[in-house]
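Working notes, beginning with the structure itself.
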Amino acid sequence: MTVLMVSGTGTEIGKTVVTAAVAAAAVATGRSVAVLKPAQTGMEPGAPGDAAEVVRLAGPTVTAVELARYPEPLAPDTAARRAGLPTLSPTEIAEAARDLSGSHDLVLVEGAGGLLVRFDEAGHTLADAARLLDAPVLVVTPPALGTLNSTTLTAEALRARGLKAPGVVIGSWPAEPDLACRCNLADLPSSSGLPLLGVVPEASGSLSPESFRAAAPTWLSAALSGTWSPESFLRTWQP
């Protein structure tokens, strides 16, 4: 894949760290990587955003591009309107991703919050940009109680729009997972119909960049340029 969209089942679930892990694993195989953040919300001008965080963790060879920034931590459409700033269209997002794909082996497009968060007044979402690009959408989800419903709804929304999804990555696996987390490991693929492609430990973003880059491939399966094995992980944490 040349362009991979990264979407979550909600916000604050580890999407940026997962994006960084996918970038780091790809770089480790010798691929050139760019990360595109269409809309950064909740950040004032000059502050390092999600794209900069991906570069910090995955390495300076990663190209970072941000298309729009809005100061309030809201959905992009709402944040743009309240700030009196232009919104983003799916065409603008798709064009930027295509431009980056001309000079990079892999372009990661990190969405804002969940799949159907609005980017403009017409109600366009990351899914519309993915359709224009014919790009697959990686789903990032939390491990805890409630994730089966939100992940399955996201998977159904993707299928309803004719979009492909390579699978699911758990964005923040706790050091001491409870029963729901451990059961969800086995239940997520059967509930959502999507394979489990990785598990990123909680607080991975606080690792040193060197440690992060060394560990990232061990969190992701071969489909994401990693070495992680779902079978052995499930055996370790079976309820």
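In whole percent, how big is the carbon plus sulfur part of the accessible area of the chain, probe 1.4 Å, protein atoms only?
55
Could you tell me what fraction of 2.2 N^0.38 Å the Cα radius of gyration of region 39-99 comes to, as a two-decimal ratio?
1.19
Which log10 I(q)/I(0) values, to two decimals, does region 75-140 give at q = 0.14, 0.19, 0.28 Å⁻¹ under the Debye formula with one point per Cα?
Values, matching the q order: -0.41, -0.73, -1.26.
State the Kirkwood hydrodynamic radius of the chain in Å, one decimal place, computed from all pairs of distinct Cα atoms.
17.7
If r is the Cβ-Cβ distance from ASP99 to THR29 and R0 is 30 Å, what FRET efficiency results, to the nearest 0.05?
Computed FRET efficiency for ASP99 and THR29: 0.85.
How big is region 117-173 along each principal axis, measuring the range of its Cα positions in Å and listing the largest first?
Principal extents (largest minus smallest coordinate, Cα): 33, 24, 19 Å.
Take region 1-40, drop everything but the C-alpha atoms, weight them equally and run the Debye formula without solvent; then report log10 I(q)/I(0) at 0.22 Å⁻¹ to two decimals.
Listed by q, the Debye log ratios stand at -0.78.
So what's the back-of-envelope 222 nm ellipticity for the chain, counting only DSSP H runs of four-plus at -39500 (n - 2.57) apiece and dividing by all residues, rounded to 500?
The per-residue figure over the chain is -12500 deg cm²/dmol.
Report the FRET efficiency, 1/(1 + (r/R0)^6), for ALA160 and ALA122, where r is their Cβ-Cβ distance and R0 is 22 Å, rounded to 0.05.
Efficiency for this residue pair is about 0.75.
Could you grab the relative contact order for the chain? Cα pairs under 8 Å, six or more apart, rounded to a whole percent.
Across the chain, relative contact order equals 24 percent.
When the Cα atoms of region 143-188 are enclosed in a convex hull and the volume is divided per residue, what value in Å³ results?
In region 143-188, the Cα convex hull volume per residue is 66 Å³.
List residues of region 99-130, by number, whose backbone nitrogen lies under 14 Å from a label position 7 Å along Cα→C-beta of ARG82.
Answer for this model: none.
So how tilted is helix 15-28 from the main axis of the chain? Cα-based, degrees 0 to 90, rounded to 10.
80
Would you mind pulling out the separation of the Cα centroids of region 192-219 and region 139-174, in Å?
17
Given points 7 Å out from each Cα along the Cα-Cβ axis, report the THR227 to GLU44 separation in nanometres with one decimal.
Taking the two extended label points, one gets 4.4 nm.
Once you treat every alpha carbon in region 167-239 as an equal point and sum by Debye, what is log10 I(q)/I(0) at q = 0.19, 0.21 Å⁻¹?
Per q value, in the given order, log10 I(q)/I(0) is -0.78, -0.94.
Multiply the residue gap between VAL65 and TRP237 by 0.36 nm, knock off their C-alpha separation, and tell me the result in nm, one decimal place.
Result: 58.1 nm gained on full extension.
Using alpha carbons only, what's the Rg to Rh ratio of region 4-86 with Rh from Kirkwood?
1.00
Find the all-direction average of the projected area of the Cα convex hull for region 114-239, expressing the result in square nanometres with one decimal place.
Averaged projected hull area, Cα only: 8.7 nm².
For region 1-141, what are the per-bin percents of Cα-Cα distances with bins 5 Å wide, up to the bin holding the maximum?
Here the calculated profile for region 1-141 is 2, 11, 22, 25, 22, 13, 4, 1, 0.
The values are calculated or read from the model by the stated rules, or taken from the named source; none is laboratory data. All values derive from a computational prediction rather than experimental measurement. Please note: Cβ atoms are built from the backbone with ideal geometry, for glycine as well, and neighbour counts cover all protein chains shown. Please note that ligands, DNA and RNA were not included when accessible areas were found on the heavy atoms of the full protein model with its side chains. Shrake-Rupley method; radii C 1.70, N 1.55, O 1.52, S 1.80 Å.
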